[in-house]
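Peer 1: Below: one structure in structure tokens.
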Amino acid sequence: MVFRQIRALYDDETIAVYQAYPPEIAEPALAAGTFVEPFGMSRMTWIKPSFLWMAYRSGWGTKPGQTRVLRVHLTRAGFEWALAHAALSHYEAGFHESEDAWRKAMESAPVRIQWDPEQTVKLTPTPEVRSIQVGLSGDAVRRYVGEWITGLEDVTAEMQRIRDLAQESPEAAEAELPRERPYPITDELAARIAATAEAPTQP
């Protein structure tokens with residue numbers, strides 16, 4: 001796989017990302033079809049297109065405060081708005097002109113991008129393949145909650161079923177994973193988020 005490439009479950013109009021919350025946040029959100037109180041609009045919220053990275057982050061949906069794993073469907077237009085208004089969360093020599101330029105970009109951007117090692121079904125990292133995390137704050141959170149989300153699913157049981165299957169047969173568990181595939185972005189967006197050039201691009 002390509003080193004830095006967005007891989008996701010998506011169709012012509014929407015893309016799926018994952019978040020994990022306690023029941024007191026997840027249940028009202030599922031009922032409303034988007035996040036509502038007590039979801040915190042003033043905090044940065046991180047969305048993850050990778051099912052396995054969400055499994056790693058939440059301990060297969062068992063960590064305190066992360067016991068309900070949600071698959072959030074949002075518009076591709078909204079997701080790409082987030083990428084277009086993003087800055088990397090860490091300074092990278094050779095990508096940024098200077099640390100000062102990076103800091104100024106990060107301070108003004110409502111979206112953060114992190115590339116972390118992708119995970120296997122045994123939750124071991126694969127440093128040669130990175131998975132994107134997108135952190136939303138300010139205007140980006142308001143757009144996410146009020147405009148971009150088209151629906152939510154509780155996938156906690158699905159995630160834990162795959163966890164149990166992975167103990168018996170990693171190959172069988174891999175076959176049950178969501179069909180994530182390379183997500184097409186423009187060269188301009190790829191450059192902004194430091195994606196690897198080999199990722200497929202939109203015409």
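Peer 1: What residue, of VAL141, VAL134, VAL155, is out of contact with any helix residue (DSSP H, G or I) (no Cβ under 9 Å at 6 or more places or on another chain) and surrounded by 20 or more Cβ atoms within 10 Å (Cβ to Cβ)?
Peer 2: Residue meeting the stated conditions: VAL141.
Peer 1: For the range 158-169, which positions are exposed (fewer than 15 other Cβ atoms within 10 Å of the Cβ) and of a type in the set (Lys, Arg)?
Peer 2: ARG161 - this is the single residue of the range 158-169 that is exposed (fewer than 15 other Cβ atoms within 10 Å of the Cβ) and of a type in the set (Lys, Arg).
Peer 1: Same structure again: Under the condition of being touching a residue at least 60 places away in the same chain (Cβ under 8 Å) and exposed (fewer than 13 other Cβ atoms within 10 Å of the Cβ), which residue from the range 88-112 is nearest to TRP46 (Cα to Cα)?
Peer 2: Ranking the candidates gives GLU92 first.
Peer 1: Here is a further query. I want to confirm something. Restricting to the range 76-87 and keeping residues that are crowded, with 16+ Cβ neighbours inside 10 Å and more than 11 Å from ILE113 (Cβ to Cβ), which single residue is nearest to the chain's Cα centre (by Cα)?
Peer 2: Checking each candidate, the answer is PHE79.
Peer 1: Would you point out the residue of the range 104-118, among those that are in a helix (DSSP H, G or I) and within 30 Å of PRO38 (Cα to Cα), that is modelled with the lowest pLDDT?
Peer 2: This residue is MET106.
Peer 1: Mind counting the residues in the range 45-67 that are more than 11 Å from the chain's Cα centre (by Cα) and not charged (D, E, K, R)?
Peer 2: The total comes to 11.
Peer 1: Now a separate question. Looking at (1) crowded, with 17+ Cβ neighbours inside 10 Å; (2) more than 14 Å from SER50 (Cα to Cα); (3) at pLDDT 95 or above; (4) not charged (D, E, K, R), find the lone condition where ALA190 falls short.
Peer 2: Among (1) crowded, with 17+ Cβ neighbours inside 10 Å; (2) more than 14 Å from SER50 (Cα to Cα); (3) at pLDDT 95 or above; (4) not charged (D, E, K, R), the lone unmet condition for ALA190 is (3).
Peer 1: Of all residues in the range 22-31, which are aliphatic (A, V, I, L, M), more than 14 Å from HIS73 (Cβ to Cβ) and surrounded by 14 or more Cβ atoms within 10 Å (Cβ to Cβ)?
Peer 2: Of everything in the range 22-31, those that are aliphatic (A, V, I, L, M), more than 14 Å from HIS73 (Cβ to Cβ) and surrounded by 14 or more Cβ atoms within 10 Å (Cβ to Cβ) turn out to be ILE25, ALA26.
Peer 1: I need a count of the residues in the range 123-162 that are farther than 13 Å from SER50 by Cβ and either among the aromatic types (Phe, Trp, Tyr) or in a strand (DSSP E or B) (or both).
Peer 2: Matching residues across the range 123-162 total 12.
Conditions (1) touching a Gly at 6+ places or on another chain (Cβ under 7 Å); (2) under 14 Å from LEU83 (Cβ atoms); (3) at pLDDT 95 or above, marked per residue:
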site	(1), (2), (3)
TRP102	no, no, no
THR120	no, no, yes
SER137	no, no, yes
MET159	yes, no, yes
ALA194	no, yes, no
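Peer 1: Any residue in the range 179-200 that is under 15 Å from VAL111 (Cα atoms) and of a type in the set (A, V, I, L, M, F, W, C) sitting within a Cβ distance under 7 Å of a residue that is at pLDDT 95 or above and surrounded by 19 or more Cβ atoms within 10 Å (Cβ to Cβ)? List the pairs, counting only those 6 or more apart or interchain.
Peer 2: Listed by first residue and then by second, the contacts come to LEU189/LEU83; ILE193/LEU83; ILE193/ALA86; ILE193/ILE113.
The values are calculated or read from the model by the stated rules, or taken from the named source; none is laboratory data. These figures come from a predicted structure and were not determined experimentally. All Cβ positions, even for glycine, are placed from backbone atoms using ideal geometry, and neighbour counts span all protein chains on display.
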